[in-house]
Amino acid sequence: MPSTALSLTTLPGGLVALPGVYQPQADTRLLAAALAQEDLGSRTEALEIGTGTGALALHAATRGARVTAVDVSWPAVATARLNAWLHRLPLRVLHGDFEARTAGRHFDVVFSNPPYVPAPDDRLPSRGPERAWDAGLDGRAVIDRICVDAPSLLRPGGVLLMVHSGMCGAEKTLDRLAGAGLAAEVTATASVPWGPVLRSRRSWLEQQGLAAEAEEREELVVIRAQCP
């Protein structure tokens, strides 16, 4: 049986990933650029929802923030903990649902690259790499939960940063955050080529009206919302 070390994937930036853990991609980089614009320091309490490799959480930790990272995937938790150890950065990584694991806590910054890919099955996967991207028929199963929970997670003046596909409806996200009492806006966008998951669902996406025929690029959006 091969050792765990032999099963690791080495990523740019000195990160590693266990099999099935979402690897940093264009959405990660777009959110990292948005996070870089925020005022983080030693007094900043930050939360990442769905940490994956821990890349974004570690990005915040390098600037002195005290970061808690949560993921429902045990391989992701193990990967983030290992990357924190390799980079000698303090990072609290918790396994489980973000709402349950952060009950009663409040943060200055909450950031997330949640699952947002529309899927033919409205049930969220309970295992496998699909947990990192499948998010119900409209791709909003996790996005909507974050919108609802953001006011209770943020301290006064706290900021939520979230990236997702334009397929999920940026205006809907803005409306839900505004309805929750937050001042929300789109602060960054990017157009990226479709990846293998979207390509494999082309016919279904077109049938659902989520993609135009022969569409080849996906719009990503970063939403920034601030608590009064």
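Step by step: first the residues of segment 178-221, then only those that are in contact (Cβ under 8 Å) with a residue 40 or more places away in the chain and assigned to a loop (DSSP other than H, G, I, E, B), then the one that is surrounded by the fewest Cβ atoms within 10 Å (Cβ to Cβ). Which residue is that?
The residue in question is 181.
Listed here are the residues, each with its yes/no results for (1) within 14 Å of the chain's Cα centre (by Cα); (2) part of a loop (DSSP other than H, G, I, E, B); (3) modelled with pLDDT under 95.
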{"position": "53", "(1), (2), (3)": "yes, yes, no"}
{"position": "111", "(1), (2), (3)": "yes, no, no"}
{"position": "144", "(1), (2), (3)": "yes, no, no"}
{"position": "149", "(1), (2), (3)": "no, no, no"}
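Restricted to segment 110-140, and to residues that are aromatic (Phe, Trp, Tyr) and under 14 Å from residue 71 (Cα atoms), which residue is surrounded by the most Cβ atoms within 10 Å (Cβ to Cβ)? Break it down into steps so the answer makes sense when it comes.
Pass one, segment 110-140, residues aromatic (Phe, Trp, Tyr): 111, 116, 133.
Going one step further and asking which of them are under 14 Å from residue 71 (Cα atoms), we end up with 111, 133.
Values: 111: 29, 133: 21.
This residue is 111.
Can you tell me which residue in segment 1-14 is modelled with the highest pLDDT, limited to those that are hydrophobic (A, V, I, L, M, F, W, C) and either within 11 Å of residue 53 (Cβ to Cβ) or surrounded by 10 or more Cβ atoms within 10 Å (Cβ to Cβ) (or both)? Quick ask: steps written out before the conclusion?
Taking segment 1-14 and keeping what is hydrophobic (A, V, I, L, M, F, W, C), we get 1, 5-6, 8, 11.
Now drop any that are not either within 11 Å of residue 53 (Cβ to Cβ) or surrounded by 10 or more Cβ atoms within 10 Å (Cβ to Cβ) (or both), which leaves 8, 11.
Details: 8: 72, 11: 76.
The extreme case among them is 11.
Picking from 69, 17, 46, 80, which residue would you name as being in contact with an Asp or Glu (Cβ under 6 Å, 6 or more places away or on another chain) and crowded, with 22+ Cβ neighbours inside 10 Å? Break it down into steps so the answer makes sense when it comes.
On the way: 17 fails: in contact with an Asp or Glu (Cβ under 6 Å, 6 or more places away or on another chain); 46 fails: in contact with an Asp or Glu (Cβ under 6 Å, 6 or more places away or on another chain); 80 fails: in contact with an Asp or Glu (Cβ under 6 Å, 6 or more places away or on another chain).
Exactly one residue qualifies, and that residue is 69.
Is it fair to say residue 174 is in contact (Cβ under 8 Å) with a residue 40 or more places away in the chain and either of a type in the set (Gly, Ala, Ser) or buried (at least 20 other Cβ atoms within 10 Å of the Cβ) (or both)?
No; evaluated as a whole, the condition is false for this residue.
The values are calculated or read from the model by the stated rules, or taken from the named source; none is laboratory data. It should be emphasised that the depicted structure is a prediction, and the values quoted were computed from it without experimental measurement. Heads up, the Cβs are rebuilt from the backbone with ideal geometry, glycines too, and the neighbour counts pull from every protein chain shown.
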